[in-house]
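Asks: The structure is given below, and queries will be raised subsequently.
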């Protein structure tokens, strides 16, 4: 029989068990008593309790039915917590207004989370997220870096990002096989937010399917909308193009 710890690891479920780390997460969010907090991934509700003590209302999503039951019992006396047993990223799930988002979700959902969050950039004050360290570095990587990907462009167009705290494996149960980091996301005011929508995100991902090729070979479908001779970076390879240049392309094609 598979142990519960091994099963959680297989599902990518790693729960923070360090009071110091959870306290640092709450502190870095700079919560106000008037804030509505959206938490994605309730887990056992340990972090939720700390958030609820400092905010007006917490709306927290947990997709796992077993964890939902555990958290419901734990949070039964917290009258400012709305616990929802659904996938927060479902397109059929209406998103309530919130001031701050806090999450420590399975790392397998990290890309889903960044895309979901980017579509809402500018509608909330900040987000605090526990992420795999390598993924966090990918979000911040620059053109020509080996980690530079579509999600790097999506994150950098949408947010200003800062690493708050490295989190060692021993602070989780069960311990993940990777190092983690607490990241803070705030609105990138260089662009009118939300700048990205589902269509634009899909176009960024399509561009990166041409990695290693020149931009002009990737935008043949949009020659009527883009004046290639006047585009200074049309001879650059996809992985050499900066997020701001991708934003210029997106404004022209969709």
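Read-outs: derived from the displayed coordinates by stated rules, not from any lab. Everything numeric in this text was worked out from a predicted model, so none of it was measured. Cβ placement follows ideal geometry from the backbone for every residue including glycine, while neighbour counts extend to all protein chains displayed.
Asks: Relative contact order for the chain: what is it in percent, counting Cα pairs under 8 Å that are at least 6 residues apart?
Replies: Normalised by residue count, the contact order of the chain is 18 percent.
Asks: Further question on the same structure: State the three equivalent ellipsoid semi-axes of the chain, derived from the C-alpha gyration tensor as the square roots of 5 times its eigenvalues, in descending order and whole Å.
Replies: 36, 20, 16
Asks: Let me ask something else about it. Can you compute the radius of gyration and Dmax for the stretch 198-253, using only the Cα atoms, both in Å?
Replies: 10.1, 29
Asks: Fewest Cβ neighbours within 10 Å first, please rank 205, 184, 33, 162 accordingly.
Replies: The order, fewest Cβ neighbours first, is 33, 162, 205, 184.
Asks: In what sequence do 161, 183 fall when counting other Cβ within 10 Å, fewest first?
Replies: Listed from fewest to most nearby Cβ atoms, that is 161, 183.
Asks: Before anything else, pin down the relative contact order of the stretch 98-182: Cα pairs under 8 Å, at least 6 apart, normalised by residue count, whole percent.
Replies: This gives 30 percent for the stretch 98-182.
Asks: Moving to a separate point now. Can you report the principal axis dimensions of the stretch 132-254 using only the alpha carbons, biggest first, rounded to whole angstrom?
Replies: 55, 30, 22
Asks: Separate question: Of 139, 214, 83, 166, how do they rank once you tally other Cβ atoms within 10 Å and put the fewest first?
Replies: The fewest-first ordering by Cβ neighbours comes to 166, 214, 83, 139.
Asks: Sticking with this one: With each pseudo-label sitting 7 Å past Cα toward Cβ, what's the residue 32-residue 17 distance in nm, one decimal?
Replies: Each label point lies 7 Å from its Cα, and together they span 3.8 nm.
Asks: Okay, moving on. In whole percent, what relative contact order does the stretch 20-116 give with Cα contacts below 8 Å and a gap of six or more residues?
Replies: 31
Asks: Still on this structure, please answer the following. Hey, what number do you get for the chain at 222 nm if only DSSP H runs of n ≥ 4 count, each worth -39500 (n - 2.57), divided across all residues, to the nearest 500?
Replies: The helix-only estimate for the chain comes to -9500 deg cm²/dmol at 222 nm.
Asks: With everything on Cα atoms, drop me the angle between helix 243-253 and the longest principal axis of the chain, reported from 0 to 90° to the nearest 10.
Replies: Here the helix axis deviates by roughly 70 degrees.
Asks: If I model a spin label as a point 7 Å beyond the Cα along the Cα-Cβ vector, how far apart are those points for residue 160 and residue 198 in nm?
Replies: It is 3.1 nm.
Asks: With everything on Cα atoms, drop me the angle between helix 65-74 and the longest principal axis of the chain, reported from 0 to 90° to the nearest 10.
Replies: Roughly 50 degrees, rounded to the nearest 10.
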